[in-house]
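Here the structure is laid out as structure tokens; the discussion comes afterwards.
The values are calculated or read from the model by the stated rules, or taken from the named source; none is laboratory data. Here the structure is a predicted model, which means the values were calculated and not measured. All Cβ positions, even for glycine, are placed from backbone atoms using ideal geometry, and neighbour counts span all protein chains on display. Accessible surface areas use protein heavy atoms only, side chains included; no ligands, DNA or RNA. Shrake-Rupley method; radii C 1.70, N 1.55, O 1.52, S 1.80 Å.
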Amino acid sequence: MSLSYSLQLPFPSPVFLSPRNTIEKRLGNLRTLHSSKEGGQQHTENDSQDQVILLERYRNGTIKRYMLDDDDDDLQIRAFLEKHDSTSNEFQGSNLSDPNLSWLPQVLKEFMLPAGFPGSVSDDYLQYMLLQFPTNVTGWICHTLVTSSLLKAVGVGSFSGTAAAASAAAIRWVSKDGIGAVGRLFIGGRFGNLFDDDPKQWRMYADFIGSAGSIFDLTTQVYPAYFLPLASLGNLAKAVARGLKDPSFRVIQNHFAISGNLGEVSAKEEVWEVTAQLLGLSLGILILDTPGLVKSYPMLVSTWASMRLLHLWLRYLSLSALQFNTINLKRARMLVQSHILQSRVPGCIDCNRDENILLWQRFIKPRIIFGVPMEEMLGSGRSTSMLKTLLRLYAREKYILVVNQQQIDFEVFVSFKVGATSVSVLRSVWQTYWLHENLNVSEDIFDQLAKSLSMMDEKFNEFIQQLDKGGWDIHQINLRVPKEISIDECPV
């Protein structure tokens, strides 16, 4: 699990306005550090004892101490348990184009749209709703087709059952619902922090998982003897999908409600949803009344599959219409890459249009691994001088970043210090992309880390100013700071 931070800072802010250090000064610090060895120095008895130079705190209460050994350059690491508290922050979301509805009667406008439309919602609200409406219609058509299979599997319409048979059918139905509820419980408890980061992605995944659940439901007609396990699996998948769908859509609704009218936006969304439901149910019933479809299971499945594919395509279009002006990790990568390569950042409309909704972060290059233990960052050649070099190098940053030199493909490890914020994550992304474009494997890696930090000191303010001019909400940076591990420096 990881926590999210919402940046609430007025400009100008000292977070962005760090003093400009030259490359020479950074490298000078490193050379001084590497040359300061034990030789020629006097040590007291206390000085010769091991000193803690770094604490690594884990969420489960474990603390690793990185000890300075005065006798050699080897780094000692000791772990123990300690009870400690954790903190959390929150964040929200925000705005942007709009067609004319002069042809729509005023009564219907008031019934279906929030008061003050279009000024009371974001510019992409209507386009999303117009695409969402047929999406929901196709979804309810699929629901109607699937329900017929479920009822036939239970025996409804096949024979006149006794009270005992009816009770058995009810128990089977409730059992599958109970198992499905476990899915929603798991999603809400385990993944509740994901939805603010990328609601578009999780809303799309919800439909994929829901489609898989419907396949289990469809097969109950073919294997009625396995109704309970098949229907339970279907309900579990659909419950997981709902657990992803509901919080994701609440974030989307919050994005629409730019006038603080979230309740009304939600109520009007219900109008769109219920109207689509009634239309979808009606069309589904008409499809079921088709003589060939009622008797042919393959025809039923093919009709469902075509409707489901149309449903998924419409869902993708509706989510692609959204234009968030908040910065999540995907959009941060796109913005940083554009700034480093072209010295400019794309606006909200262009960036949202080019954003890949389906792509997982782990498959995006260059690869950034957040929350890496310092022991892994130092590699096999752990040494006090290496750790002290990194601490000196990143003294003014709230994170430590190293390039993983064991990998052929470019990859960085990032560990965050106590007090790191979303801005710290954004700075680490900027440094990563600069290194990715400028890394020279033949040069000393510490010199290049120093150079990347100096370039960030020089360019990061300009990057933030371009974000502000491009319409991005620089006070709402939704970049999660991993809290499984945090670094606490100890003065030596």
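The table below lists the values:
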| read-out | value |
| --- | --- |
| Solvent-accessible surface ranking, highest first, for PHE249, PHE227, PHE370 at 1.4 angstrom | PHE370, PHE249, PHE227 |
| Extended-chain gain in nm, criterion 0.36 nm per residue less alpha-carbon gap, GLN406 and TRP103 | 102.7 nm |
| Heavy atoms of THR384: accessible area, 1.4 Å probe, square angstrom to 10 | 10 |
| For LEU68, distant residues with modelled amide H under 5 Å away | GLN51, VAL52, ILE53 |
| Built amide H within the under 5 Å cut-off of ALA420, gap 5+ | none |
| Amide H within-cut-off set for CYS490, under 5 Å, with H built and near neighbours excluded | LEU54, LEU55 |
| Fraction of accessible area attributable to carbon and sulfur, segment 413-452 (%, probe 1.4 Å) | 48 |
| Solvent-accessible area per residue, Å², over segment 320-372 with all protein chains present [probe radius 1.4 Å] | 43 |
| Binned Cα-Cα distance frequencies in segment 370-429 - 10 Å width, integer % | 22, 56, 22, 1 |
| Ordering of 473-483, 435-445, 101-111, 275-285 by burial proxy (mean other Cβ atoms within 10 Å per residue, highest first) | 473-483, 275-285, 435-445, 101-111 |
| Unsatisfied cross-links (Cα-Cα over 18 Å) in the set LYS365/LYS451; LYS398/LYS483; LYS200/LYS245; LYS330/LYS365; LYS64/LYS388; LYS64/LYS417 | LYS365/LYS451 |
| Inverse of mean 1/r across different Cα pairs in segment 352-492, Kirkwood, Å | 16.3 |
